[in-house]
Amino acid sequence: MIRSMTAFGNARVDLEQGSLALELRSVNSRFLDLHFRLPDELRHVETPLRELLTAQLARGKVEVRASFTRATATELPPLDPQWLARVAEQLDAARRVLPDVAAPRLTELVNWPGMRNNDAMDPQAWGAACMQAAQQALAQLQEGRQREGERLAQMMRDCADGVARIVELVEAHLPQLLADHREKLITKLRDSLEAAFPAGFAHISGAELTERVAQEAGLFALRIDVAEELSRLRSHLEELQHLLTGKAKAKGSAGKRLDFLFQEMNREANTLGSKAGSLEVTRAAMDLKLLIEQMREQAQNLE
């Protein structure tokens, strides 16, 4: 399956003790690079989160950000008389040394650490909520990656269609290129003979002239023979379509396989340009390199 490395996913899970929110942000990277931004109370969940993401993602720089909000109690907690007595004893002891120490207010007593039930976090419950939110956010992230991947794949298919058209044009142009060269060669030989020997054609037989033209044309045909390069480009286009369907069974990153494929296609385009026997073929080679580079840039975004 073709997937992009750029996507976003988030989820929220509500508990009696409060709510937990988790975000996943993914951008391009050569490898899988995980970064966690978790509060200290959720640090124990980092390892299972890492295992979950590693099992589902192959490449990309992924940032995991989690936060939680504790629920606010609507009723005041009952104050323990024995605890209040101990607070009064401590207050009397303090006033014997510092007579001006003020008594705590009611709000301070109610919000005293440990007096509210939600002050004590249940690591197991919050950890389970964090993993639940991570699974939901990961599913959303994968859906976004798949949608973006399909858009990138379609852009590469469009470029591949352009490559196929250029290959067909070059193949169709080669016979005419050979015919034009043959005509130029005959004209050049005739002009050279007439310049050197007036009425020189009277001393040269048609068979000799035909043989010489055939030899020169044959050498030119060998020099501009790009059938092998065009055949390889067609083979690479078939492999590209196979990879973009997402049905390839080969292990590894589709993005890396595509990047290697485009390097091979670029090599064939370079060879085609070096063998160019006309301005049209030179332009075709340049257009091929441009389309291949555009596809290669898109492949850099794929997982």
Under 9 Å by Cβ, and 6 or more places apart or on different chains, what pairs join a residue from segment 45-64 that is open to solvent by 50 Å² or more (accessible area, probe 1.4 Å) with one that is among the polar types (S, T, N, Q)? Gln56/Gln142; Ala58/Ser253; Lys61/Ser26; Lys61/Asn28; Lys61/Ser29
Leu258 being at pLDDT 90 or above and touching a strand residue (DSSP E or B) at 6+ places or on another chain (Cβ under 8 Å): yes
I'm told Glu51 meets every condition in (1) within 30 Å of Leu243 (Cα to Cα); (2) assigned to a loop (DSSP other than H, G, I, E, B) except one. Can you identify the failing condition by its number? (2)
When you look at Glu89, is it of a type in the set (Asp, Glu), farther than 28 Å from Glu303 by Cα, assigned to a helix (DSSP H, G or I) and at pLDDT below 95, yes or no? yes
Positions within segment 7-26 being open to solvent by 30 Å² or more (accessible area, probe 1.4 Å) and modelled with pLDDT under 95, in sequence order: Asp14, Leu15, Glu16, Gln17
Phe68 being part of a strand (DSSP E or B), among the hydrophobic types (A, V, I, L, M, F, W, C) and open to solvent by 60 Å² or more (accessible area, probe 1.4 Å): no
Check on Glu41, open to solvent by 30 Å² or more (accessible area, probe 1.4 Å), in a helix (DSSP H, G or I) and touching a residue at least 40 places away in the same chain (Cβ under 8 Å): yes
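The values are calculated or read from the model by the stated rules, or taken from the named source; none is laboratory data. Because the structure is predicted, anything quoted here is derived from the model rather than measured. Neighbour counts are summed over all protein chains in view; Cβ atoms, including those assigned to glycine, are modelled from backbone coordinates with ideal geometry. Protein only, heavy atoms only, side chains kept; ligands, DNA and RNA dropped before computing areas. Shrake-Rupley method; radii C 1.70, N 1.55, O 1.52, S 1.80 Å.
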